[in-house]
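The values are calculated or read from the model by the stated rules, or taken from the named source; none is laboratory data. Being a predicted model, the structure only gives us computed values, none of them experimental. Note that each Cβ is placed from the backbone with ideal geometry, even for glycine, and that neighbours are counted across all protein chains shown. Quick note on the areas: whole protein, heavy atoms, side chains included, nothing else; ligands and nucleic acids left out. Shrake-Rupley method; radii C 1.70, N 1.55, O 1.52, S 1.80 Å.
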Amino acid sequence: MPIFTLDGQNIPFEPGQTIMEAAMAAGVYIPHLCWYPEYEPHGSCKLCSVKVNGRLCSACTFPAAEGQEVVLNSEELQQLRLRLTQMLFVEGNHFCPYCEKSGQCELQALGYYVGMTDNHFPHFFPKREIDASHPDVLLDRDRCIFCGLCVRASRDEGKHVFELAGRGIETHLIVNSATGKLGDSELGASDRAAHICPVGAIVVKETAFRVPIGRRKYDHRTIAEMSLEEEAPLVRRRHDAKEEG
Amino acid sequence: MPKKKVRIATTSLAGCFGCHMSFMDIDERLLELAGIADLDRSPLTDIKSCNECDIGLVEGGVCNAENVHVLREFRNSCRILVAIGACAINGGVPALRNRFDLGDCLEEAFITGIGVTDPTVPGDPELPLLLEKVHPVHEVVKIDYSIPGCPPSADTIWTVLTDLIDGNEPDLAYELIRYD
Ligand code: SF4
Ligand code: SF4
């Protein structure tokens, strides 16, 4: 098997794998929010930024190659990841104390992981639209980080309910229905798209606050541990399926 | 010779005093704190303006003109200024009004709201004027350290405070950093 090095550690890879896939399969966590092993990478959150032979690249889209020297945890990159996380917090409206995703949210857990104690930048306090029209699913755009996971999940299950519209600071999540309302879309409560949101932007109604504080996903375990436990096996499975296919 | 005591000031701006309550939850460690620190301006002492202090703890965001004044006074008087709690760090619950027009908020609260009697917007000159928006404290003055949480746990507050008193960079274990 060909290998590259990640912070000096040898990482074997199958040709065609990205740096992210190879690292995760080898049990090395690379921070990410918009990547999920079962979907095409989106490359937008930039938290997986690594230096490949000295050049800044997104590990989720960059193909692994023999002999690459990849740096993940330099002081510079850790600082970059902290600032990116803070930017995600200030560009939306994230009030964790009364968010139903708190304790189970990947953005919040990433904040803990990168040691974020403040938001550094001035807050935008943007005005975004909340859509409560669906009987089973709530869309709270205040917490959307534009990761595009709901877009990909819905597309892959043949429904195309969500799309990201606009560019840069104008980016916003739109819903595919005559009224633009979630209640008039084809989204079902059991769709993957209703459950894939890493933050509290798409939440299934009547499920909030069921898990008590102290027993929530990230109360005692880091996003790195949880990601390696839950996502790394999916990378391996996806790869095995490709081999057979 | 006994070590010189550190001077600590605390205040609550647009907050709910929950962070101060959590601070009190250090329980018997309050005695230890009393041995190494003196309290300057604080809701616990009722001193009205801040003297030269080593550490200032600020709870709550900035929602009116008086908050701005107190916060600047703290920055001028405290060598190390610490933002404590969600409201100080990102505006918190009071910042919910940021998506509305201030005039509409006052009208809803004092004129058209349910159960309002004698509908008038309070205008006593003693009342501090509200700002157009609620701001986190770091948007108004330089903040040296922040303790997240709503409120931060007593252990979190104690860890940061004692680290700072000892002259160390605060070092919080995973479970002590919480945003809720
Ligand atoms: S989505 Fe996550 S980061 Fe945003 S308010 Fe909710 S718990 Fe906090
Ligand atoms: S709603 Fe959730 S899954 Fe969809 S783009 Fe926003 S953050 Fe991502």
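Here are some notes:
- The residue B:34 and residue B:139 beta-carbon pair, evaluated with R₀ = 25 Å, returns a calculated FRET efficiency of approximately 0.15.
- Dividing the Cα radius of gyration of segment A:1-109 by its Kirkwood radius returns 1.01 for Rg/Rh.
- Ligands, DNA and RNA aside, residue A:133 has an accessible area near 60 Å² when probed at 1.4 Å.
- Span-like helix criteria (full DSSP H runs; alpha carbon extent of at least 18 Å along the helix axis; mean Kyte-Doolittle hydropathy of at least -1.0) are satisfied in chain A by A:75-91.
- By accessible area with a 1.4 Å probe, ligands and nucleic acids excluded, highest first: order of B:75, A:55, A:167: A:167, A:55, B:75
- Where N is the number of residues in segment B:2-43, Cα Rg divided by 2.2 N^0.38 Å: 1.27
- For chain A, calculated [θ]222 nm from helices alone, where every DSSP H run of n ≥ 4 adds -39500 (n - 2.57): -7500 deg cm²/dmol
- Reachable aspartates and glutamates from residue A:159, criterion Cα separation under 12 angstrom, eight or more residues apart if same chain: A:186, A:191
- Within the listed set A:40, A:229, A:170, the residue fluctuating most in the Gaussian network model of chain A (springs between alpha-carbon atoms under 10 angstrom) is A:170.
- Cα-based reach from residue B:133 at 18 Å (exclusive), listing lysines while leaving out same-chain residues under 8 positions away: A:127
- Partners for residue B:4 among lysines (Cα-Cα distance below 25 Å; same-chain residues under 8 apart left out): B:48
- Considering only A:196, A:145, A:19, the mean-square fluctuation computed in a Gaussian network model of chain A, springs between alpha carbons under 10 angstrom, is largest for A:196.
- Average other protein chain Cβ within 10 Å of Cβ, residues A:88-98: 5
- Helix-only CD estimate at 222 nm, as mean residue ellipticity for chain B, using -39500 (n - 2.57) per DSSP H run (n ≥ 4): -8000 deg cm²/dmol
- With a simple spin-label model that places each label point 7 Å from the Cα along the Cα-to-Cβ direction, the separation between residue A:87 and residue A:219 comes to 3.4 nm.
- Heavy-atom accessible area for residue A:46, with the other protein chains in place and a 1.4 Å probe, reaches approximately 80 Å².
- Accessible surface of residue A:147 - all protein chains present, 1.4 Å probe, nearest 10 Å²: 10
- Over the protein assembly as shown, the pair-distance histogram of Cα-Cα distances with 10 Å bins from zero comes to 4, 19, 26, 24, 16, 8, 2, 0, 0 percent, rounded to whole numbers.
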